[in-house]
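This report concerns only the one structure given below.
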Amino acid sequence: MECDVCGQAMWRWPVPPTAWEKETWSCSWCHAATHVGGEWFEISRPPYLPMEMRWERAIANGLPFGASHAFGIFDRTLCGIQETGMSPSDHWWLPEREDACGACQEAAGVIDGRWPQAMRGTDARVSVVRRL
């Protein structure tokens with residue numbers, strides 16, 4: 001699948017289908033997500049979100065103490081750390097906080113810059129609703 005935001009190839013998440021989505025695809029370049037199938041949508045494309053609302057804080061036993069890391073895609077932090085059992089928390093990763101990982105901040109800025117201005121509006125990414 002090709003990313004509708006940047007045109008790069010997307011990767012399918014190796015997760016079992018649910019009632020809400022049959023497949024989840026993520027772009028490794030701009031981190032756009034596309035959800036295929038499910039109860040309400042044939043295709044769901046979440047809109048652009050600013051950096052402070054895009055990533056959850058990563059949690060795992062092996063993460064370095066004293067720094068908050070952004071949970072990216074493919075079970076890695078934005079700075080590339082991969083730990084067994086890592087998951088997103090219920091809290092946003094805030095890049096402006098003093099304890100935010102500098103490498104995650106840098107990666108978040110680069111990823112944010114890959115979204116064209118034309119794709120940042122709330123209606124820029126088209127979702128296809130399932131007909132009842």
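The values are calculated or read from the model by the stated rules, or taken from the named source; none is laboratory data. Model, not experiment: these values are computed from the prediction. Note that each Cβ is placed from the backbone with ideal geometry, even for glycine, and that neighbours are counted across all protein chains shown. Heads up: the accessible areas ignore ligands, DNA and RNA and are worked out on the full protein's heavy atoms, side chains in. Shrake-Rupley method; radii C 1.70, N 1.55, O 1.52, S 1.80 Å.
Observations
- Among Gly102, Gly85, Gly37: highest mean-square fluctuation, GNM of the chain, C-alpha pairs under 10 Å: Gly85
- Surface per residue (accessible, 1.4 Å probe) for the chain, Å²: 61 Å²
- Using θ = phi - 60° and Karplus 6.51 cos²θ - 1.76 cosθ + 1.60, couplings along the range 14-22 (whole Hz; Gly, Pro as x): x, 10, x, x, 10, 5, 8, 7, 8
- For the range 98-113 and the range 1-68, distance of Cα centres in Å: 18 Å
- Backbone phi angles across the range 70-85, fed through the Karplus curve with coefficients 6.51, -1.76 and 1.60 (θ = phi - 60°), yield HN-Hα couplings of 7, 7, x, 10, 6, 6, 10, 6, 4, 8, x, 6, 10, 10, 4, x Hz in residue order; Gly and Pro are listed as x.
- Accessible surface of the chain [probe 1.4 Å, protein heavy atoms]: carbon and sulfur percent: 55 percent
- Only protein heavy atoms count here; on that basis, with a 1.4 Å probe, Ile59 has an accessible area of about 80 Å².
- Value of relative contact order over the chain, rounded to a whole percent, pairs C-alpha under 8 Å and six or more apart: 25 percent
- Among Ala100, Ala19, Ala32, residue whose mean-square fluctuation peaks in a GNM of the chain (springs only between Cα atoms under 10 Å): Ala19
- Note, ³J(HN,Hα) from phi for the range 31-43, Karplus 6.51, -1.76, 1.60, rounded to Hz, x at Gly and Pro: 6, 5, 10, 9, 10, 10, x, x, 5, 9, 10, 7, 9
- Reciprocal of mean inverse Cα separation for the range 80-129 (Kirkwood radius, Å): 13.8 Å
- Top of Arg57, Arg97, Arg120 by mean-square fluctuation, Gaussian network on the chain, Cα under 10 Å: Arg97
- Label separation (Ser28 vs Glu83): 2.4 nm, computed from points 7 Å beyond Cα along the C-beta direction.
- The C-alpha atoms of the chain define a longest principal axis, and helix 102-113 lies at about 30 degrees to it.
- Computed [θ] at 222 nm, deg cm²/dmol, the chain (DSSP H ≥ 4; -39,500 (n - 2.57); rounded to nearest 500): -3000 deg cm²/dmol
- Here's how it looks for Ile59: its modeled amide H is under 5 Å from those of Ser87, Ser89, which are all 5 or more places away or on a different chain.
- Semi-axes of the equivalent ellipsoid for the chain, computed as √(5λ) from the eigenvalues of its C-alpha gyration tensor and ordered from largest down, come to 26, 18, 13 Å.
- Net charge over other residues, Cβ less than 13 angstrom from the Cβ of Cys30 (K, R count +1; D, E count -1): +2
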